[in-house]
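See structure below.
The values are calculated or read from the model by the stated rules, or taken from the named source; none is laboratory data. Being a predicted model, the structure only gives us computed values, none of them experimental. Glycine also receives a Cβ, built like all others from the backbone with ideal geometry; neighbour counts cover every protein chain displayed. Note: areas computed on protein heavy atoms with side chains; ligands, DNA, RNA excluded. Shrake-Rupley method; radii C 1.70, N 1.55, O 1.52, S 1.80 Å.
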Amino acid sequence: MFNLQERTAGIRQTAARLAVLRNEIARRGALAFQPRPAAARGPKWQALLGELRTPVEHWQASRQDLVPNEPAAQPRAVMLLPGFGTHPVRMKPLRLALEAAGHRVSDWGLGFNFGPTEDRFERLCERVVAMARKEGEPLVLVGWSLGGLFAREVAKRHPEAVRLVVTMGTPFSGDRRANNAWRAYQLIAGHSVDEPPIGQDMAAKPPVPTIALWSPRDGIIAPRSACGRKGERDLAIPMRCTHLGFAAHPDVAAMLKRLVATF
């Protein structure tokens, strides 16, 4: 008798969990298939296909004459923040280049970046503050794509712990659907791009030096969104790479070394 009751209760609990799962899948599916506003324009499909050339571009760039890797006059503490759906290991080439110049480099410590939650953002803020205290100086935050939004918002919350913010292909300006990733973001993150849990005014410049690296060849983020307008960043620097290329392109690494050395 008791076994039958326990089995019945177990079946009901399983059914309830499945119902919750179905509802969540349906909710996220609705987010993923929302219509794009007519005014929002992401990169054209030709640019999106151009992202496939990323490995070729890196190989071609690696065959160029390299600038001697001189040690930085003043080593800095740097934190790398990965893009949406990626792990910090994707930014390893940038890390190695910065370390070769003498900088002390860490990653954000949260593994894969599947979008923000209040808890993850709080944990990142705590890590930045703790690292700055440990290093005895504010950090340079380098954020790729969505990682750049994290970096900007952390700098707004804790400007005392951040020396410089560098974003790479980050959609902080203009319409939040002016890219080719917003539907995937809403599906995986589970919330609308209009209601992020880490801040509402993404275009507002952090109260620290803020530099935007952007590319006219970006096939995922609209270049204007990553470049930003005057007052939304201190400086915008164009790069000749794909969106995926920001994570490892030698020219991007060289630019980061110059910027970190400058500040």
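Size of the range 36-140: Rg and Dmax of its alpha carbons, in Å, are 17.7, 50.
Report summary: the helix-based calculation at 222 nm, which adds -39500 (n - 2.57) for every DSSP H run with n ≥ 4 and divides by the residues of the chain, gives -13000 deg cm²/dmol.
Which longest run of the chain has no exposed loop site in it, a site being trypsin sites (Lys or Arg not before Pro) in a DSSP loop with at most 16 other beta carbons within 10 Å, and the site itself not part of the run? Don't skip to the end; give the middle numbers.
On the way: sites that count: ARG41, LYS44, ARG63, ARG229, ARG240.
Between exposed loop sites, the widest span is 64-228.
So for the chain, Kirkwood radius off the Cα pairs, Stokes-Einstein at 37 °C and 0.692 mPa s: how many µm² s⁻¹? The partial results should precede the final answer.
Details: Rh = 19.6 Å.
It diffuses with D of about 168 µm²/s by this estimate.
FRET efficiency for the THR8 to ARG28 pair, using the beta carbon distance and R₀ = 25 Å, is estimated at 0.20.
Set the Förster radius R0 to 25 Å, insert the Cβ-Cβ distance between LYS44 and ASP194 as r into 1/(1 + (r/R0)^6), and round the FRET efficiency to 0.05. According to the calculation, E is roughly 0.55. Between the range 221-263 and the range 176-220, the alpha-carbon centres lie 15 Å apart. Please compute, over every Cα-Cα pair in the range 182-263, the percentage with a separation greater than 19 angstrom. The calculated P(r) of the range 182-263 puts 50 percent of pairs beyond 19 Å. Only one residue of LEU81, MET131, SER225 has its Cα farthest out toward the positive end of the dipole of the chain, where Lys and Arg carry +1 and Asp and Glu -1 on Cβ, and that residue is SER225. Among beta bridges from DSSP that stay inside the chain, the antiparallel ones total about 5%. For the range 120-263, the spread of Cα coordinates along the three principal axes comes to 40, 34, 27 Å, biggest extent given first.
Please tell me the relative contact order of the chain in percent, rounded to the nearest whole number, where contacts are Cα pairs under 8 Å and at least six residues apart.
Details: 490 pairs, mean separation 63.5, N = 263.
Worked out over the chain, it gives 24 percent.
Counting only protein heavy atoms and a 1.4 Å probe, the range 196-235 has 44 square angstrom of accessible area per residue. The mean sequence separation of alpha-carbon pairs under 8 Å and at least six residues apart, normalised by the residue count of the range 19-161, gives a relative contact order of 24 percent.
Partner lysines whose Cα lies under 26 Å from the Cα of LYS156, excluding those fewer than 8 positions away in the same chain, are identified as LYS134, LYS205, LYS230, LYS257.
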